[in-house]
Amino acid sequence: MPAMRVLRVALDVPVAKLFDYLIDDAMPAGPGDRVVVPFGARERVGVVIDVGDATVATSRLKPVTRVLADAPKLPADWLEQMRFLASYYQRPLGETVAAALPPRLRSLKPLPKRKQPADNSEGGAAHRFVTGHAPNPAQAQAIGRISAALGAFRTFLLHGITGSGKTEVYLRLIAEVLATGRQALALVPEIGLTPQLEARFREAFPEARIAVLHSALEDTARTHAWLDAARGDAQIVLGTRLAVLTPLPRLGLVVVDEEHDASFKQQEGLRYSGRDAAVQRAKLAGCPIVLGTATPSLETWFNCRAGRYELLALPERAVPGAKLPIVRTVDLRTESAEHGLAKPVLDAIRARMARGEQSLVFINRRGYAPVLSCEACGWAAGCARCSAHLVLHSTDRRLRCHHCGAEQAIPRACPTCGNVDLRPLGRGTQRIEETLAGLFPEARIVRIDRDSARRRGALARTLEGIGRGEGDILVGTQLLAKGHDFPNLTLVSVLNADSALLSTDYRSAERLFATLAQVGGRSGRREQPGEVLVQTRYPGHPMFQALVRHDYAGFAESQLAERESAGFPPFVHEAALRAEAAKLESAMAFLRTAARLIEVPASVQVYDPVPHVITRRAGMERAQLVLQSASRPALQEFLREWSAALPASAARGVRWHLDVDPIEFD
Ligand code: ADP
Ligand code: ZN
Ligand code: ZN
């Protein structure tokens, strides 16, 4: 009988352990190999994490079925990253590895064959770099600092106002990295932002191989992109947060654009922060990472202040003559807002129409009206499965729940009193669009929200059209706020900013500032100066004051002071334990038990369980408890022990998860 060894294999099962299999000594297999193994009645693909001698009784272990050699072995630094993520976010290693591999690499199906693309990356052609601009002094300074750091780990915050030429800085650095034969990884927060960055990369590097990775790719495309990256064939890897989980054998630079964006945080399964994972990744690869944004997250700003990250500033717009927009508040206490739009806003739109310029009306709420109600009895259309109102959608005359997706026809009459005069309350994009169409019958109005962008490619086409000057008045949500460059847009009006100020979430001011700076940044990107009008009942609020002055630093400092005195991140570290069950009491009972399950060290604070603000969602009642600690290691150590003890104490029907560094508490 040949000598045997034991392989410790990570499998995609919700158990925090590795599984042992035997392998014949003659068969080459080691950490990072994908293997097919028997598991229960079927076979599964797993990843070898460790190899050991068969010292223990191995008679009950099954042999590995086969070792897969169709893709590169997963490298040591990648395995290290998986171990780190699993341990930091308290998830089983098998599940972490599975989250990082495209579905095809975890399946028993053979990998799709690649039609070999005309490979023109030979002979240094890949490094050809095309650019139109010589860097301005601030850009040159940033490029110089980062390029001097190539070859070693270091984190930079590139704090550049909208239109300051951050992308140009990335491009020049990537050019340097490609010239040394290394790979560059660039992350964006949303799938919708990949096409435009890809276009700029392709223009700048006409011969480079660029792999694009995000979750909306179909299976074959995603597998090919992943393999291109993992084999080192792709010089540039561009994608959303999951791209940070790709093996990159020659990683030389990481860029995280819009690093403050909440979309970098995964909200299910392995709840990782793509930005934080990217910093960790750069550390493992020994290369610099650039976090770029006009409005840094307070965590990142705090890290700069503490000297852990190096701050590089681009304080001016890059296009000569282009200026930041003039920001003004429109006081809703003194200005009447007919149908949601105050007179100064309507006047400003009219002036743009007369000059042939574009206006954007920003309202972060899609649909026609957030509530449909009966004035006679006070009834309001609610979702049967969520503690939330149904949103009225006028284009197809439906009521929709924005939390669970449930929908129904608009009732003819009030279900409680029979009144046929049901009224929409409040405003969404569709209603504002309707109002504007009535006020400006000659205007071409374009609405951009998730409803209008539903069809694949529709959003990209619409945005391109706007960029070419199509549309006089744009009505849009967040979808419009990010990254796009609309040369003819000179006015941005913000309608319902106040709702965020009244939120109980301590991050809402930070988010609102970022959103408004972003959306304001869409205007006046060329010679015409832009104007931003914010309708508010709180024009004196420090957040608006800072926005008017374009004073991110002042805003950040005042927020940090508040966070420090209230004991919120980044001054403490947080985790949340969340539970859901058919009955709220079951979820609460689990959390109360959990809070007493093991001894809590003095360095960790466990707060009382509370129901979510939107308690019921999709038929489940939800509650959570928050943990805080001034010491990350202390919190981590507690979580490790706790998460091992938690599964046994959850009653049937209670689903729960841990969220480390949570950012959403709704
Ligand atoms: P950001 O990423 O900071 O929003 P971009 O890199 O997209 O900014 O640059 C904004 C605009 O300025 C683009 O049209 C870009 O071509 C232009 N630009 C960038 N750098 C320069 C420069 N050094 N000189 C002139 N124009 C520049
Ligand atoms: Zn009624
Ligand atoms: Zn619902």
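Here, each number is a calculation from the coordinates, and none is a lab measurement. These numbers come from a predicted model, not from an experiment. Neighbour counts run over all protein chains shown; Cβ positions are idealised from the backbone, glycine included.
Counting other Cβ atoms within 10 Å, keep those with at most 14, restrict to DSSP loop, and tell me which GluC sites (Glu not before Pro) in region 266-324 are left.
GLU268
Under 5 Å between amide H atoms, partner at least 5 residues away or on a different chain: which partners does ASP50 have, H built in plane at 1.01 Å?
Distant-sequence amide H within range of ASP50: ARG8.
Below 8 Å, C-alpha to C-alpha, sequence gap of six or more: please give me the relative contact order for the chain in percent.
11
Modelled label-to-label distance, VAL51 and VAL420, 7 Å Cα→beta-carbon offset: nm?
8.0
Set the Förster distance to 45 Å, then compute FRET efficiency between ARG231 and ARG350 from the Cβ-Cβ distance, nearest 0.05.
That pair, ARG231 with ARG350, gives E of 0.20.
Under 13 Å Cα to Cα from LYS73, which aspartates and glutamates show up? Leave out anything in the same chain fewer than 8 places away.
Straight-line reach from LYS73, under 13 Å: ASP33.
Might you report the magnitude of the Cβ-based charge dipole of the chain about its Cα centre, with Lys and Arg at +1 and Asp and Glu at -1, to the nearest 20 debye?
Details: 84 positive and 72 negative charges, 237 e Å.
I would put it at about 1140 debye.
Can you compute 3J(HN,Hα) from phi for each residue in region 495-501, using the Karplus curve 6.51 cos²θ - 1.76 cosθ + 1.60 with θ = phi - 60°, rounded to whole Hz and x for Gly and Pro?
3J(HN,Hα) across region 495-501, in whole Hz: 8, 10, 5, 5, 4, 5, 5.
Contour minus end-to-end for GLU80 and LYS323, with contour as 0.36 nm per residue of separation and end-to-end as the Cα-Cα distance?
82.9 nm
Using the alpha-carbon centroid of each, what span in Å lies between region 467-501 and region 142-161?
31
Cα-Cα over 31 Å: which of LYS482/LYS583; LYS62/LYS583; LYS265/LYS583?
Pairs exceeding 31 Å: LYS482/LYS583; LYS62/LYS583.
What percent of all Cα-Cα pairs in the chain falls in each 10 Å bin, counting up from 0?
Bin by bin from 0 Å, the calculated values are 3, 13, 22, 25, 21, 11, 4, 1, 0, 0.
Using θ = phi - 60° and the Karplus form 6.51 cos²θ - 1.76 cosθ + 1.60, what ³J(HN,Hα) does each residue of region 603-620 get, whole Hz, x for Gly and Pro?
Whole-Hz 3J(HN,Hα) from phi for region 603-620: 6, 10, 9, 10, 8, 5, x, 9, x, 4, 4, 8, 5, 9, 9, 6, x, 10.
When you take every Cα atom in region 133-314, what is the radius of gyration, and what is Dmax, the widest Cα pair distance, in Å?
15.0, 44
If the viscosity is 1.567 mPa s and the temperature 4 °C, what translational diffusion coefficient in µm²/s does Stokes-Einstein give for region 573-660 when Rh comes from Kirkwood over Cα pairs?
100
With r defined as the distance between the Cβ atoms of ARG42 and MET4 and R0 fixed at 25 Å, what FRET efficiency is calculated, to the nearest 0.05?
Numbers: r = 23 Å, r/R0 = 0.93.
Efficiency for this residue pair is about 0.60.
So who's got an amide H within less than 5 Å of the one on ALA186, skipping anything under 5 residues away but keeping other chains? H placed 1.01 Å off N, in plane.
Those qualifying (amide H under 5 Å, at least 5 residues apart or on another chain) are VAL237, LEU238, GLY239, VAL255.
Compute the relative contact order of region 442-589 as a whole-number percentage, counting only Cα pairs closer than 8 Å that sit 6 or more residues apart in sequence.
Computed value for region 442-589: 19 percent relative contact order.
Can you tally the net charge around LEU560? Count Lys and Arg as +1, Asp and Glu as -1, for every other residue whose Cβ sits under 12 Å from the Cβ of LEU560.
Cβ neighbours under 12 Å give a net charge of -3.
Report the label-to-label distance for ALA221 and LYS343 in nanometres (one decimal), using points 7 Å from each Cα along the Cα→Cβ vector.
For the pair ALA221/LYS343, the computed spacing is 5.1 nm.
Once amide H atoms are built 1.01 Å from N in the peptide plane, which residues 5 or more positions from TYR272, or in another chain, come under 5 Å H to H?
GLN266
On a straight-distance basis, which aspartates and glutamates could pair with LYS113 in a cross-link, Cα separation under 12 angstrom, same-chain partners fewer than 8 positions away excluded?
Counting by Cα, and skipping residues close in sequence, LYS113 has these aspartates and glutamates nearby: ASP70.
Nearest 0.05, what FRET efficiency do GLN545 and ALA306 give at R0 = 25 Å with Cβ-Cβ as r?
Details: r = 26 Å, r/R0 = 1.06.
According to the calculation, E is roughly 0.40.
Count neighbours as other Cβ atoms within 10 Å of each site's Cβ, and list the trypsin sites (Lys or Arg not before Pro) in region 579-613 that are DSSP loop with at most 15 such neighbours.
LYS583, ARG596
Which cysteines does the chain leave without a neighbouring Cys Cβ under 4.7 Å?
CYS287, CYS304, CYS404
With a cap of 13 neighbouring Cβ atoms within 10 Å, and only residues DSSP puts in a loop, list the GluC sites (Glu not before Pro) found in region 405-483.
Those satisfying the criteria are GLU442.
Would you work out the relative contact order for region 254-391, in percent, from Cα pairs under 8 angstrom that are 6 or more residues apart?
Relative CO of region 254-391 lands at 14 percent.
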